[in-house]
Every structure is written in structure tokens, then in C-alpha cells.
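Engineer: Handing you a structure now.
A short reminder: the numbers here are calculations on the coordinates, not readings from a lab. Just so you know, these numbers come straight off a predicted model, no measurement behind them. Reconstructed Cβ throughout: ideal geometry from the backbone, glycine too, with neighbour counts over all protein chains shown.
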Amino acid sequence: MIARRHLFKFLIGAAICLAAFLVYRSLGRYTMDEIEESVRSIAGFRLAAAFFFVILSYLCLGGFDALAVRYAGKPLLLRQTSLASFTALSIGHNVGLAALSSGAVRYRFYTRWGLTGEHVAKVIVFCGVTVGLGLGTLAGLALLLQRGDAPDLLGLDHRARLMVGLVCLAGPVAYLLICALVRRPLVVRKWRFEPPAMPLAIGQVVIGTLNFACVAASIQQLLASFTEADYLDVAGAYVTANIAALISHVPGGLGVLEVTMLGILPTSASIGALVAFRVLYFFVPLIAGVPTLLVTEAYYRHRGGKFLEQTVM
């Protein structure tokens, strides 16, 4: 018991140090004068609107898990899936390798609530597929609806953009057709995927798209203090940056967002929007997510200890 107590204290300290390091790593490349000047250029109501869309995005992400546990055959209360999703993703978004980092946190929560390792694996795969469906759908819609002279990070002309948009939409459409027509698991070598029921599949497409739409809306609100780029311009640049990252095998996150901002604005102007978005979408949730994880770990550890005492007595 003493060793476990010391291990828990070590994890608390490590989590705090990790949070501090993540903040330093992302902001340390800019001088304080650059950050202060650019952030001050963003209107207060734009910051509030951007944070509102951040909240909506995290609510959508909670919906990922709510659908995922139903897919796994272990439905839970919404407050449970929301807690697990927010805690896992607030940390996973910052640490990177989300399938592993957020997956580990999800495992901690869901196994306490009766899910097995296989169930948690299904939840993680389902959420990953939902991310892909949402990104593909928003990318297709944004590229098809954009005006011809909108900024494009891949250097595509209007016709090529329409073709790419149709290809992006083909993925979600094919997925829905598979879920509607295929009744048995799809097996490719060692990979096995059971298509969800049609209502869950439609939910994946809708809520996945809404999530990325909210992220793009948050960025657009911050950029609105510097440019007149409309929502479709920003959404198109955002999803194009993600496509470019996938093609080049560059992980998502800071590099992708930098390319997005620099593709729309000069460097000096985009720093403020980038830093503000990083704070709102990554650091604020991280500041809330790490203590939430530590408190829940302490709560379940204490609860487990009490249960063992009652069992012995």
C-alpha cells in the first residue's frame, strides 16, 4: 500500500510537470512582446465566440464516446462518457499519439464501469473512424462550396478542388452504404471491423462533421480580427492543411495549425490567432483535464480501498 501511495504521488508530480512542459514547448518559440501584441489585437467578443465553439467541439467529442459505447454493446450514462471523453482528449490532444494517450485514459475509466479491454478497443476504433468521417465530410463540403479564388494550401485550381471534394465525400458515402448493406464483419488480414447499425453510422458522420465545423468556426472567429476571410475560406484551409499533413505523414497539431494560419495571413498577424486558439482549445482543457484525472484517480482509489476494507470485515 505504501509503495502504491508513493507511486500515486509520483504520477501527480509527473502530470503537473508534463502540463508545464507542454505549455512551454508550444509558447516558448515566441517572444512575450510578439504574443502580447498579437493577442491584444483580437477583440474580446471574438475570443468569447471562439471559446464558445471550443466548448461545442468538446461536447461533440463527448458524443463520439456516447455513440462508441453503444456500438461496443455497453451503453453508459451520458455524464460517464462525457467525463471519460473530456479527460482523455484534453490530455491526448496535447501529448499527441491520441490513440495511445487518450486510449490509455479511456481504458482507466471504462474498465471501472464494466467494459473489458476488447470493449475499450472497439470504443477507440469507433472514435477514430468518426474522426475520419467528420474530417472527410467537412473537407468535401468546404472544397465543393468554396469560391474559386479562395486560399488553397495544396495549390489546387477550382476544378481540381471540386474533384478532391467529391473524393472526400465518397468516403463517408461508401461507409454509410457498407453499414446499410453489409451484415457481417469486414476482415483484412488481422484487422476486423464490425459495421455499426445505420443510426450509429449516421450519428458518426453528423457529429464528426459538427466537431470539425466547430473547430473551424473557432479559428475563423480568431482570424476575423485580422482578415475578412469567411467561414468557408477558413474551413477549406483548415481541412486542406489536415489533408496535407496526412499526405506528408506530418502529425496533426501545432505544425498543421501553423500551416493553416500562415496560408491565410502574414506571419506576424497569425501568431495571435494561433496562440489564442492553442490556449483555448488545448491549454484550457488541459488545465481542467489533468486535475480531473487526478481527482478521479484519487476518488476511485479511495473507493476501492473502502470496498476492500468492507470485504475483509
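Engineer: How many nm is it between the label spots at residue 298 and residue 113, if each spot is 7 Å from the Cα in line with the beta carbon?
Structural biologist: Spacing of the two 7 Å Cα→Cβ label points: 2.2 nm.
Engineer: Net charge near residue 192: determine it from the other residues with C-beta under 15 Å of the C-beta of residue 192, scoring Lys and Arg +1 and Asp and Glu -1. Show your work: numbers first, answer last.
Structural biologist: Values: positive: 122, 183, 184, 189, 190; negative: 118, 194.
Result for the local shell: +3.
Engineer: Something else about it: Determine the gain in length on full extension of the stretch residue 193-residue 230; use 0.36 nm per residue of separation and subtract their C-alpha separation, reporting nm with one decimal.
Structural biologist: On the way: separation 37, 0.36 × 37 = 13.32 nm, distance 3.88 nm.
Residue separation times 0.36 nm, minus the Cα-Cα distance, leaves 9.4 nm.
Engineer: First select every other residue whose beta carbon is under 15 angstrom from the beta carbon of residue 203; then total the charges, Lys and Arg +1, Asp and Glu -1. Walk me through the intermediate numbers first.
Structural biologist: On the way: positive: 70; negative: 65.
That sum, taken over residues with Cβ under 15 Å, equals 0.
Engineer: Can I ask one more? Within a Cβ distance under 10 Å of residue 115, other residues only, what is the Lys/Arg minus Asp/Glu net charge?
Structural biologist: On the way: positive: 74, 106, 112, 122; negative: 118.
Taking every other residue near residue 115 into account, the sum is +3.
Engineer: Also, quick follow-up: Along the Cα→Cβ direction, 7 angstrom out, place labels at residue 184 and residue 45. What is the inter-label distance in nm?
Structural biologist: Taking the simple label geometry, residue 184 and residue 45 are separated by 6.0 nm.
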